[in-house]
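Encoded as structure tokens, the structure appears first; notes follow it.
The values are calculated or read from the model by the stated rules, or taken from the named source; none is laboratory data. Everything numeric here is computed off the predicted structure, so don't read it as measured data. Glycine also receives a Cβ, built like all others from the backbone with ideal geometry; neighbour counts cover every protein chain displayed.
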Amino acid sequence: MISLVIPVFYVERYLSECLDSITSQSFRKIQIIAVDGASNDASGSILDLRSQIEPRLRVIHLDKQGPGRARNEGINSATGEYVWFVDGDDVITPGCLQEIAQRIETSQPDVLLVDSDVIAADGRVTPGDDHRLFSQRTESCFTLTAVPKAAEFSLVSWNKIIRREFLLSSGITFLETWPHEDVPFSCSILMKAQRLCTLNYSCYQYRKGRPGSATMTGNSNRHFRIFESWSPVLERVQKSTDSGDPTVTAQVYKALFERAIWQYSTILDAKGYVGRSDRRRFFARMHWHFANYAPPGYHATGGFRAVKFNLIARDAYIRYFALAPLNRLRVAISDAVNGRRRPSPPAANAIPVPLVDSTRRDQ
């Protein structure tokens, strides 16, 4: 039923735990495809040894790096009804495959969005940034046109279980440059899916800020690639809205535009992502995107985010960074009030309600 595709690159420390979290599940109708992207550590050897004792595991060795390239190769080799991308340094949670299978059988979605947790550097596990969205139950499938707020879900590969025939027929693939190779993939998937569903169950645990990860190491300009990732998406929705495309409404355009600007600002604000000497240049690119892609008559609303957006719109670089201490205080207060506790799942007979707005801090 499910093909799990694992891009592997310099994750020898975490890879066995990742594989164990999959193979120890009681649900057995799975295929595991691990794609080694030219790792020089022990990752490839770990995979080869595991494949000798795990018949469901297929190992592919590539001669080039990149998670997008590895995932694309995994798509081509998958045979399951659905495809799930799992990073080699992360884990899936006990019992999640059974929960996913049950939701797939009852809803037959094109894309199933699943909740996640964060593994901090000290090992603490806390609810992921999407948990407020998942606390609002939706019993039936929907489209991005009907629920534009679905653009608020993290634009990563691992929170989506995707029907393979839908994925292949869409022609959507990952960028081969990284990081942020999964942004245009996720946006395209959300826009094309006719049946989006959610599962209010924590299925995934990802390591945030891991030393050596693609987001934390590499070329000093690596995070400028976020603009390259978003540009074709914003150009597409801009043209589609102008042409009267019924699937890309003004509300969808606005939701994706705001999602892009918020992600830019999140990257700029994150510690260690953009060097101090590059911040002014990054901010200038962000302002250019705001000025050139803002929907006609756009006006930001909604508290602190609106303040940031208005400063970006006015190219007010100095005033923008003057807000940094206030933003850190706001986040600290929010975490203290909420306790970063996962809300209890709604009762089985809960009344469906729309997805609500969520103030995000991550991609």
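Table: residues versus (1) surrounded by 19 or more Cβ atoms within 10 Å (Cβ to Cβ); (2) more than 16 Å from the chain's Cα centre (by Cα).
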| site | (1), (2) |
| --- | --- |
| Phe134 | yes, no |
| Val156 | yes, no |
| Leu168 | no, yes |
| Ser188 | no, no |
Looking at segment 48-78, which of its residues are closer than 13 Å to Ser3 by Cα and charged (D, E, K, R)? Arg56, Arg58, Arg71, Glu73
For segment 281-307, which residues satisfy the criterion of being touching a helix residue (DSSP H, G or I) at 6+ places or on another chain (Cβ under 6 Å), at pLDDT 95 or above and not aromatic (Phe, Trp, Tyr)? Arg285, Met286, His287, Pro295
Subset of segment 239-296 (residues that are among the β-branched types (Val, Ile, Thr), in a helix (DSSP H, G or I) and over 21 Å from Val147 (Cα atoms)): Thr266, Ile267
Residue among Leu144, Leu196 that is over 29 Å from Arg222 (Cβ atoms), surrounded by 22 or more Cβ atoms within 10 Å (Cβ to Cβ) and touching a residue at least 12 places away in the same chain (Cβ under 8 Å): Leu196
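Here's the yes/no breakdown for (1) outside the structural domain of Pro67 (by TED's automatic domain parsing); (2) modelled with pLDDT under 95; (3) at negative phi; (4) in contact with a helix residue (DSSP H, G or I) (Cβ under 6 Å, 6 or more places away or on another chain):
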| residue | (1), (2), (3), (4) |
| --- | --- |
| Asp89 | no, no, yes, yes |
| Gly95 | no, no, no, no |
| Gln98 | no, no, yes, no |
| Asp117 | no, no, yes, no |
| Ser135 | no, yes, yes, no |
In segment 170-186, residue farthest from Asp87 (Cα to Cα) [restricted to those that are among the β-branched types (Val, Ile, Thr) and surrounded by fewer than 22 Cβ atoms within 10 Å (Cβ to Cβ)]: Ile172
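Taking the conditions exactly as written (in contact (Cβ under 8 Å) with a residue 60 or more places away in the chain and under 30 Å from Asn200 (Cβ atoms)), does Gly66 satisfy them or not? Don't jump to the end; show me each part of the working.
Values: in contact (Cβ under 8 Å) with a residue 60 or more places away in the chain: yes; under 30 Å from Asn200 (Cβ atoms): no.
Judged against the criteria, Gly66 is not a match.
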